[in-house]
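For reference, the structure discussed in these notes is given below.
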Amino acid sequence: MAEDAWRMYFAEMGGLPASIVFNDGIAKRLGDLPLTHAMKIRIPLKSPRGDGMTTREESGPVNQLDETFDKIITEHGGEYLGRVTNNGSRWVLALIPAGPRELEAALNAAAAAAGYAPEIHVEPDPEKSVYWQDLYPTEDDRQVMVDMEVQGALQQQGDDPAKPREIGHWVYFQEETAAQGFAQWARDTGYRVDSIAPAPEAGPLWLVRMTHRGTLQLNDISGHSLTIARRAREGGGQYDGWESPVTV
């Protein structure tokens, strides 16, 4: 649908990495869907990596099966919500109408044709918890997701994420005293504070602009963005992201 917005982020589940793909756009209309049951499909991977994620060789076939499941679920009146890959398994998550026998049969047949043996679990879910609890990102997850998207956009312009460069950050506060306190923390932590001033484009807010030197490798940039965002929230502020020049 036009409102769909598919996004991806990484998290940790059970001490292992997890890749989550979900429909961010469906959140606004989820409560209006007349679907009362959650379907969770576990597809054991044939040859996962040592960390439980898909290998390059298996990602193609399992992603194709995922797309087939999406089509089958939709044809049977359900709503495909997303997928989670973790600990040697691909989980496909959906909301469906009651009485899923024909749907389960179609899913099992498609999986068998692709050489997989899924485990299908269906349970009542009037609160749509399968989406809000199993797929929807936390504030930290969403920050990493944004970092990945900006990193990817810069790479498309030729950026080398491993190259060090100056990276700027913006943080907004309602009060000058909160902005000054945050700026002092930033200096003490090793950031260069470039300015603390009213933000004319954002109404009666104070903007702290700060800089650090680093790379855009995800563990590096997200280490900074998460630290800054958490500290900003603690002080009543709002982290507004970072910028970097294309560096080759």
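Read-outs throughout are calculated quantities, based only on the coordinates presented, and are distinct from any laboratory measurement. Quick caveat: nothing in here was measured; it's all calculated off a predicted structure. Virtual Cβ from ideal backbone geometry, glycine too; neighbours counted across all protein chains shown.
Take the Cα of residue 47, step 7 Å toward its Cβ, do the same at residue 127, and the gap between the two points is 4.2 nm.
Straight-line reach from residue 40: taking Cα to Cα under 20 Å and skipping same-chain neighbours fewer than 8 places apart, the lysines in range are 71, 128. Shape class for region 6-132: oblate, because the ratio a/c of the largest to smallest gyration tensor axis (alpha-carbon atoms, square roots of eigenvalues) is 1.5 or more and b/c is at least a/b.
Between residue 56 and residue 155, the FRET efficiency estimated from the beta carbon spacing at R0 = 22 angstrom works out to 0.75. Subtracting the Cα-Cα distance of residue 63 and residue 12 from 0.36 nm times their residue separation leaves 16.3 nm of extension gain.
Between residue 201 and residue 71, residue separation times 0.36 nm minus the direct Cα-Cα distance comes to 42.3 nm. Take the Kirkwood radius over Cα pairs of region 1-66, plug it into Stokes-Einstein at 20 °C and 1.002 mPa s, and you get 149 µm²/s for translational diffusion. Could you tell me which label, among (1) 13.7; (2) 16.0; (3) 19.6, carries the value of mean projected area of the Cα convex hull in nm² calculated for this structure? Read-out taken from this structure: (2).
Summarising the overall dimensions of region 116-158 from its C-alpha atoms, the Rg and Dmax are 16.6, 48 angstrom. Volume per residue of the convex hull around the Cα atoms, evaluated for region 50-104, comes out as 76 Å³. First check a/c for region 139-243, with a ≥ b ≥ c the square roots of the eigenvalues of its C-alpha gyration tensor; if it is under 1.5, answer rounded, and if not, answer prolate when a/b is larger than b/c or oblate otherwise. Since a/c reaches 1.5 and a/b is larger than b/c, the shape of region 139-243 is classed as prolate. By the rule of a C-alpha distance below 17 Å, with chain neighbours fewer than 8 residues away ignored, the aspartates and glutamates paired with residue 163 are 147, 220, 243. Compared with the direct C-alpha span, the chain from residue 110 to residue 175 gains 17.6 nm at full extension, assuming 0.36 nm per residue.
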